[in-house]
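Enquirer: Encoded as structure tokens, here's the structure I'll be asking about.
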Amino acid sequence: MDVRLTQFAAGGGCACKIPPGELQGVLAGLRGPTTGPDLLVGLGTGDDAAVLRVADGLAVVSTTDFFAPVVDDPYDFGRVAATNALSDVYAMGGRPVIALNLVGWPRSILPDDVLGEVLRGGADVVAAAGGTLGGGHSIDAPEPLYGLAVTGLVDPERLLRNDAARPGLPLTLTKPLGVGILNSRHKATGEVFTCAVAVMTTLNAAASAAAVAAGVVAATDVTGFGLLGHLLTMCRASGVGARVDVGAVPVLDGVRGSVAEGFVSGGTRRNLAWVRDDLDVGPGVDEEDLLVLADAQTSGGLLVVGEVPGYPVIGETVAGPPRIVVR
């Protein structure tokens, strides 16, 4: 059966996330009870995963991520979703060791062999990451959903956190922006952007290892809240400001033209609305620039406070209130 998976979903990828402003309100009442002496990272700073110390020199990283199809090809959808779920472990400086499938499937609409291809894609990514796929859970659902629950390991002394940024350091971005915009175009037109699929299926393992080796202590991954949303979250958690140089930010081919043609997700527009009051926009920076910086990424790169060899520097952290200067 030839299917376009994106046509069975209201949204797709990390653009489906609940907007950050709404999510903060929902989670506000949960922050009190979610503490403990060995909980190194919890809800408090909106970091990428939970981290629990289990022994001297050893902590467990726990995360989960799932979403509706962001590409039409079932195998690629599985690869993208799995790569994205593993990314949170890498964003903490850890390595994934075991994953469990999370599946929602419209059984009366889509056949089992399509689901089989999704699961095959996810399994191949987990294997490539050196992890073990240990099973999972599935439900009958009105639209296709797939992702992973992932457990990883990390040395607590080499943990990457979003609340550890300090002023006066470069900001490094390890993947180009724009996959959300190209995915929106893909969903609307059926055009396939192999560059976007390649970005979304590239593990952040090498970037994470390079950051840890460089002595970095602060990082996050760039996913559904866009570069600006995740950077603002880091700035607020760390009590610093930041500057972003638009011309230094890598962007995929075809993205700016797609923005001009209106292929921008609702999630991206909500991201920009959420951060706008905390932006200082320099001359020459237009609305299209801001939409690219706010683009809801799926399986994006790491945003690292510090210089990581081989990856572009896009700005720096600064002393002062948690505001972002875009210039």
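Enquirer: Count the DSSP beta bridges whose two residues both fall in the chain, then state the antiparallel fraction as a percent rounded to the nearest 5.
Expert: Once the DSSP bridges in the chain are tallied, antiparallel ones form about 70 percent.
Enquirer: Only counting other Cβ atoms within 10 Å, I'd like His230, His186, His137 sorted with the fewest neighbours first.
Expert: Listed from fewest to most nearby Cβ atoms, that is His137, His186, His230.
Enquirer: While we're on this one: Would you mind pulling out the separation of the Cα centroids of the stretch 58-115 and the stretch 205-243, in Å?
Expert: Value for the Cα centre distance between the two parts: 22 Å.
Enquirer: Considering the dipole of the chain built from charges on the beta carbon (Lys and Arg +1, Asp and Glu -1) around the Cα centre, which of Ser108, Leu148, Ala55 is farthest to its positive end?
Expert: Of Ser108, Leu148, Ala55, it is Ala55.
Enquirer: Here is a further query. In percent, what relative contact order does the stretch 154-287 have, based on Cα pairs under 8 Å that are 6 or more apart in sequence?
Expert: Value for the stretch 154-287: 41 percent.
Enquirer: Also: Sort Ile139, Ile98, Ile324 so the one with the fewest other Cβ atoms within 10 Å of its own Cβ comes first.
Expert: Fewest to most other Cβ atoms nearby, the residues stand as Ile139, Ile98, Ile324.
Enquirer: Give, in nm to one decimal, the length gained when the segment between Ala214 and Thr202 is fully stretched (0.36 nm per residue of separation minus the Cα-Cα distance).
Expert: Working it through step by step, the gained length comes to 2.2 nm.
Enquirer: Just subtract the alpha-carbon distance of Glu261 and Asp124 from 0.36 nm times their residue separation and send over the number in nm, one decimal.
Expert: The Glu261-Asp124 span can extend by a further 45.8 nm.
Enquirer: For the pair Leu39/Cys195, report the inter-label distance in nm, with labels modelled 7 Å from Cα in the Cβ direction.
Expert: So the label points at Leu39 and Cys195 sit 4.3 nm apart.
Enquirer: In the P(r) worked out for the chain, what percent of Cα pairs fall beyond 28 Å?
Expert: Cα-Cα pairs in the chain separated by more than 28 Å: 37 percent.
Enquirer: Using the basic label-point model (7 angstrom from Cα toward the beta carbon), what is the Asp286 to Arg107 distance in nanometres?
Expert: It is 5.2 nm.
Enquirer: Normalising by the residue count of the chain, find the relative contact order in percent from Cα pairs under 8 Å and 6+ residues apart.
Expert: 24
Enquirer: Tell me, Kirkwood radius of the stretch 170-326 from alpha-carbon pair distances, in Å?
Expert: 15.5
Enquirer: Counting each DSSP H run of 4 or more residues in the chain as -39500 (n - 2.57), what helix-only mean residue ellipticity at 222 nm follows after dividing by all residues, to the nearest 500 deg cm²/dmol?
Expert: -9500 deg cm²/dmol
Enquirer: Hey, got the dipole for the chain? About the Cα centre, +1 on K and R Cβ, -1 on D and E Cβ, debye to the nearest 20?
Expert: Using Cβ point charges on Lys, Arg, Asp and Glu, the chain gives about 500 debye.
Enquirer: Related question: For a quick check: sort Val103, Val80, Val264 by the number of other beta carbons within 10 angstrom, fewest at the front.
Expert: Val103, Val264, Val80
Enquirer: What nm distance separates the two modelled labels at Asp56 and Ala319, each placed 7 Å from Cα along Cα→Cβ?
Expert: Taking the simple label geometry, Asp56 and Ala319 are separated by 3.8 nm.
Every read-out reported here was derived from the displayed coordinates using simple, explicitly stated rules and does not represent laboratory data. Fair warning: this is a prediction, and the values are worked out from it, not measured in the lab. Note: ideal-geometry Cβ built from the backbone for every residue, glycine included; neighbour counts use all protein chains shown.
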